[in-house]
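Have a look at the structure below, then the notes.
Since every read-out is calculated from the coordinates, none of them should be taken as a lab result. Just so we're clear, the structure is a prediction, and the values are computed from it rather than from any experiment. Cβ placement follows ideal geometry from the backbone for every residue including glycine, while neighbour counts extend to all protein chains displayed.
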Amino acid sequence: MKLLWVCNMILPQFAQQFGVQGSNKEGWLSGLANKIIDGERKEIEFHIAFPHDTDATKIIKSEDDKLAIVAHGFRENSSMPHIYSETAYEDLKLIFQEIMPDVVHVFGTEYPHTLMCAKIAGELGIEKRLLIGIQGVMKEYAPVYMAGLPQKVIKKRTFRDWLKKDSLTEQQEKYYQRAEYEVQAIKLAKNITGRTFFDKNAMLEINSGLNYYEMNETLRKDFYSGSWDVNQCTLHSIFVSQGNYPIKGIHIALEALPIIREEYPDVTLRVAGDNIIKYSGIKNKIKISNYGKYLRKLISKNKLWNAVQFIGNKNACEMKEEYLKTHVSLCCSVIENSPNSLGEAMILGTPVVTADVGGISDMAVREEECLFYNWSEPAELASQIIRTFRETEETLKRTIKAREHAIITHSGEKNCERLFEIYDALMAENA
C-alpha cells in the first residue's frame, strides 16, 4: 500500500532532519504515526507531506530499519492559513504524481491545502481514495470566534494588530475564509473520518453523499502511563492547556476566578501555550495583541496577578506533569469538536470541568465522568470548579470512570486497527 498523509505541520519526528523546531501541537498525529511505524503492516510505503519553506524530500528510517518514511515539504505559509497558494498547489500535485498513492489521508480542513488535495485527487482520478480527517469545524468556529467579548473590545486594535492586519475582526474574517475553503473541499470529498455527532452533522450538511467513517484519535505516548493523585497535586489549582485566542475562552475563566476565590482564596490558574499577556519591555508592549491587553485588563480589574500564570509552550512530558499536579483541568473553550487536551486529562485521571460545547459531550458522560457548564456562564463555571475542590470522594469516582472511558476511546492499538480497516475498505471499493 502506498500511503500518503498530508498534515498541517511538520511532525516532531522529522523536524531535526528538516532543520526546524518541532511543534507540540497536534501531537496525536505523532502518536498515530508511531503506531503505524511500530505495527505489523510492513508492506506499507509511507509518505508524509507537510508545509515547509522548501519542497525538500527526505527518507527517514524507523528504529528497526524495517519501515522507511518518505517526508515531503510543500511550500505553504501555515502562519497565513487564509491564503490559497498556487505554489503549494503545484508542489502537492508533483508529490501526488510522483507517488500515485493508493490512499491519501488529509488531516484537518483548517488549511487551504485540503482543498488543493481534493482538487488534485479529482484531476488524477483518485478522489475515491482520498480521505479527509475532520479536526476542527471552521464553518461552526468562525461565527463564534469572538463569543463573550464586549463590543468595545472587539473594535479596538493595538499597534501589533494594525501592523499585522490581525485585529479581532480581521482574525474572524480569516476564519470565515478558512471556512469557505473547508466547504469547497468537503463538497469535492467522497470520504471523511470524524468522531462526534457535531462534526458528522456539520459535514453531512455540506455534502449529504459523504461516506462517514468513525475514527477516534490516538494520544501522544507520554499520556498512556501515570495517574493523577489528589495527595500529590497542588490543591485548588486549575490548568488550561491553551489560551492564546478568543475561542479558547480564557476571558470567561478570568471572570469566574474571583467567584472561586471567595471560597478558595489560594486558587491559581496556569495557562499553557503562547504567553500573549507578556508586557515587560518595549518589544513586548509593541507585540501585544488587543486580546492580550483585554486579558491583562481582566486580571488587573479582578486583582488576579498573584493567581494567574501563563507558562509558555510545553512538550508532551511537561504537559503531562501539568495535568498530574493540577487539581482540575479546565476546558473553557466557546467551541470545540473533540479536544485532545480533554482526552489527555481524562486518561491520566485528572478531574475535568468543561464547557458543554461542540462535540465534547461525546467524549465524556456529564456528572459521571466530568462536570459540564454553559460556556457563557462564569458563575456556573465557578460553581463546578468549587464542586471539584470540595467533593473529594465524588471527584475521585468521576476520575476513575473518566479514565476507563478514555482508555477505550484513545486505545492506540484499536485506533490503528480501525484506521487500516478504513484504508483497506477504500482500496477494495476502488480496486
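Here are the numbers for this structure:
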| quantity | calculated |
| --- | --- |
| Potential extension, residue 297-residue 408 segment - 0.36 nm per residue separation minus Cα distance | 35.7 nm |
| Selection from 224, 383, 281, by position along the positive dipole direction of the chain (Cβ) | 281 |
| Modelled FRET efficiency - R0 35 Å, residue 201 with residue 155, Cβ distances, 0.05 increments | 0.60 |
| Those aspartates and glutamates that a straight Cα-Cα span of less than 13 Å connects to residue 200, excepting residues fewer than 8 apart in one chain | 140, 214, 362 |
| Three-way shape call for segment 129-170 based on the alpha-carbon gyration tensor, with the a/c threshold at 1.5 | oblate |
| Approximate spin-label separation residue 173-residue 232, in nm, with each point projected 7 Å along Cα-to-Cβ | 5.0 nm |
| Restricting segment 258-335 to GluC sites (Glu not before Pro) in coil, as DSSP defines it, with at most 14 other Cβ within 10 Å | none |
| Point-to-point label distance, residue 43-residue 305, nm (Cα→Cβ direction, 7 Å offset) | 6.6 nm |
| Straight-distance crosslink candidates among lysines, where the alpha carbon sits under 16 Å from residue 287 and sequence neighbours closer than 8 are dropped | 156, 164, 165, 278 |
| Cβ-placed point charges (K, R +1; D, E -1), dipole of segment 300-397 about Cα centre in debye, nearest 20 | 480 debye |
| Cβ-based charge dipole, the chain, positive-most Cα from 143, 11, 342 | 143 |
| Tensor-based shape of segment 277-323 (alpha-carbon gyration tensor, a/c under 1.5 rounded, otherwise prolate or oblate) | oblate |
| Net lengthening on full extension, residue 366/residue 164 (0.36 nm per residue, minus Cα-Cα) | 68.6 nm |
| Per-residue [θ]222 nm for the chain (sum of -39500 (n - 2.57) over DSSP H runs n ≥ 4, rounded to 500) | -13500 deg cm²/dmol |
| Cα gyration tensor shape of segment 140-298, rounded if a/c is under 1.5, else prolate or oblate by comparing a/b with b/c | oblate |
| Net charge dipole size for segment 138-219 [Lys, Arg +1 and Asp, Glu -1 on Cβ; Debye, nearest 20] | 440 debye |
| Entries of 248/397; 2/93; 2/414 with Cα pairs more than 25 Å apart | 248/397 |
| Ranked packing of 81-87, 117-123, most packed first, by mean Cβ within 10 Å | 117-123, 81-87 |
| Value of relative contact order over the chain, rounded to a whole percent, pairs C-alpha under 8 Å and six or more apart | 15 percent |
